[in-house]
Amino acid sequence: MRRVHAFGDDALGELDAIGLSEALRAGWVSRSEVVEAAIARAEAVNPMLNGLAYKAFEQARTAAAGAPPSGPARFFEGVPTFVKDNVDVAGQPTMRGADAWAPRNAVSDGEFTRLFLATGPISLGKTQMSEFGFSAAAEHPRLGPVRNPWDTDYTAGASSSGSGAFVAAGVVPIAHANDGGGSIRIPASCNGIVGLKPSRGRLPLDAELRRMPVGIVANGVLTRSVRDTAAFYREAERLWRNPKLAPIGDVTGPGRQRLRIAVATSSLRRECAPELRELTLKTAGVLEELGHRVEHLEQHPVPDSFVDDFVLYWGFLALMQVRAGRRLFGNTFDRTRLDALTLGLERHTGRNLHRLPGVIVRLRRMRKRSAEFYRSYDALLTPTLADQTVPVGHLAPTDYEHVMDRLIDWVAFTPLQNVTGDPAISLPLAQSGDGMPVGMMLAADLGQEALLLELAYELEEARPWAKIQAVGLT
């Protein structure tokens with residue numbers, strides 16, 4: 001295995017974001033020291049991982065050397081981080097995993113960026129992603145693949161791949177990610193970290209995403225510990241709260257309530273790989289040992305039309321990007337530089353536009369179907385992915401039909417919660433026979449992030465997950 005990580009005896013050590021926040025407040029390390037350590041780590045591993053989309057190291061150094069902003073104390077003050085390259089950061093280009101137009105610096109921060117940075121972290125720049133986030137692996141034909149730090153022959157997974165690779169490799173303890181079909185949870189699974197896709201409306205979105213007829217995209221973070229994820233949502237909620245959702249609050253440990261948990265290892269299209277099924281059932285066994293009531297389902301609770309409907313809607317997003325390219329990205333936009341997946345999705349929806357109104361109606365109805373499901377269960381356990389992490393090249397966007405078949409096969413479980421709006425969390429509770437991380441996914445009803453975090457704490461305590469640095473650099 002070609003394992004790559006940056007953990008070492010520097011100001012970051014092996015601390016998670018909360019640990020680093022405590023060290024900074026106690027004065028054991030300075031803001032400049034931890035930013036310099038993170039920059040050194042990024043420079044050390046990026047040649048092997050290719051997770052960096054835009055370098056803002058000098059801006060980070062300047063921010064770290066200056067006085068913290070005045071006003072109320074910010075919990076993550078001085079913690080180094082990265083922002084995924086599909087939200088605006090003032091003074092930095094937003095390329096969305098593409099190279100089809102000339103970079104233009106954003107005039108101001110996007111809505112989520114403002115909230116994220118208001119909790120205190122210092123951004124070192126932007127992380128690489130798949131083109132427009134359409135693929136479950138970042139393998140751009142000219143920008144190159146983002147590789148997995150556990151084994152660089154494998155993908156770092158999904159569009160938030162750069163953030164996932166850097167958090168797992170120890171470059172930063174927390175990084176921005178977002179999820180339109182699994183892109184928080186998939187890199188969490190591939191890289192052995194924690195990824196919570198929140199409920200629809202839990203965190204702010206930029207205007208373009210708020211106008212979508214089915215709001216499938218959610219912002220969030222990737223971390224190495226449940227407590228870091230819980231702390232981020234607590235701090236974000238103090239700054240911005242959607243009154244239509246139950247508050248998350250300060251979740252600091254396992255809950256006392258014993259839950260009714262459904263388990264599914266079969267999606268609409270396929271049963272997951274035998275090894276994944278075995279690992280999922282072992283996780284179900286742990287939940288039973290902890291006193292939860294577990295019931296096995298014959299099939300993932302989705303209608304027969306779901307996969308085709310989701311692909312057509314996914315293609316609608318591609319169609320909007322491609323056909324409005326010059327308006328969105330400027331006169332230098334060149335569609336011939338887009339990858340085969342983006343262009344194939346655009347063609348697919350263009351040929352089937354007459355079906356789109358019905359697709360939107362059916363996808364919107366999924367929220368009601370989900371609410372009915374959670375009247376019988378408190379949570380749903382599935383594998384995050386239907387098979388082990390795939391090698392680099394398996395999802396290369398060179399032929400639309402070929403890569404789409406492979407994507408549908410692999411990403412069988414995560415899109416459901418994007419459509420229903422429900423929260424779901426991937427936890428690195430298992431490892432494959434070859435030592436790669438395997439994520440287990442828990443989903444719950446709309447607004448029930450606190451329940452998922454309590455359950456995640458409980459599983460983290462019962463089955464602590466493998467650490468990349470514990471195995472050493474090979």
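The values are calculated or read from the model by the stated rules, or taken from the named source; none is laboratory data. Everything quoted here is computed from the prediction, not taken from an experiment. So basically every Cβ, Gly included, is an ideal-geometry build from the backbone, and we count neighbours across all protein chains shown. What goes into the accessible areas is simple: the full protein's heavy atoms, side chains included, and nothing from ligands, DNA or RNA. Shrake-Rupley method; radii C 1.70, N 1.55, O 1.52, S 1.80 Å.
Quick notes
- Selection status of Ala466, outside any helix (DSSP H, G or I), hydrophobic (A, V, I, L, M, F, W, C), more than 16 Å from the chain's Cα centre (by Cα) and surrounded by fewer than 20 Cβ atoms within 10 Å (Cβ to Cβ): yes
- Just so you know, in the stretch 269-293 the residues that are within 18 Å of Gln257 (Cα to Cα) and touching a residue at least 60 places away in the same chain (Cβ under 8 Å) include one that is surrounded by the fewest Cβ atoms within 10 Å (Cβ to Cβ), and it is Glu289.
- When every residue of the stretch 335-343 is checked against the conditions, at least one turns out to be under 15 Å from Phe132 (Cβ atoms) and more than 24 Å from the chain's Cα centre (by Cα).
- Any helices (runs of 4 or more DSSP H) falling wholly within the stretch 1-98 and containing at least 2 residues that are crowded, with 21+ Cβ neighbours inside 10 Å and not hydrophobic (A, V, I, L, M, F, W, C): 31-49
- Among residues of the stretch 297-341, those that are without any contact (Cβ under 8 Å) to a residue 60 or more places away in the chain, closer than 28 Å to Met95 by Cα, charged (D, E, K, R) and surrounded by 13 or more Cβ atoms within 10 Å (Cβ to Cβ), counted: 3
- The requirement of being among the hydrophobic types (A, V, I, L, M, F, W, C), at pLDDT 95 or above and touching a Lys or Arg at 6+ places or on another chain (Cβ under 6 Å) is not satisfied by Ala44.
- Residues located in the stretch 222-266, provided they are free of Cβ contacts under 8 Å to residues at least 60 places away in the same chain and part of a strand (DSSP E or B): Ser266
- Just one of the numbered conditions (1) closer than 27 Å to Arg202 by Cα; (2) surrounded by 23 or more Cβ atoms within 10 Å (Cβ to Cβ); (3) at pLDDT 95 or above is not true of Ala412: (3).
- Pair list, Cβ < 7 Å and 6+ apart or interchain, from the stretch 398-411 residues that are without any contact (Cβ under 8 Å) to a residue 60 or more places away in the chain to residues that are surrounded by fewer than 22 Cβ atoms within 10 Å (Cβ to Cβ): Asp399/Ala340; Arg406/His394
- Test: residue in the stretch 179-189 that is in contact with a Lys or Arg (Cβ under 6 Å, 6 or more places away or on another chain) and within 24 Å of Leu338 (Cα to Cα): yes
- Test: Ala430 is among the small types (Gly, Ala, Ser) and assigned to a strand (DSSP E or B): yes
- Filter pass, Thr119 being β-branched (Val, Ile, Thr), open to solvent by 10 Å² or more (accessible area, probe 1.4 Å), in contact (Cβ under 8 Å) with a residue 60 or more places away in the chain and over 28 Å from Thr349 (Cβ atoms): no
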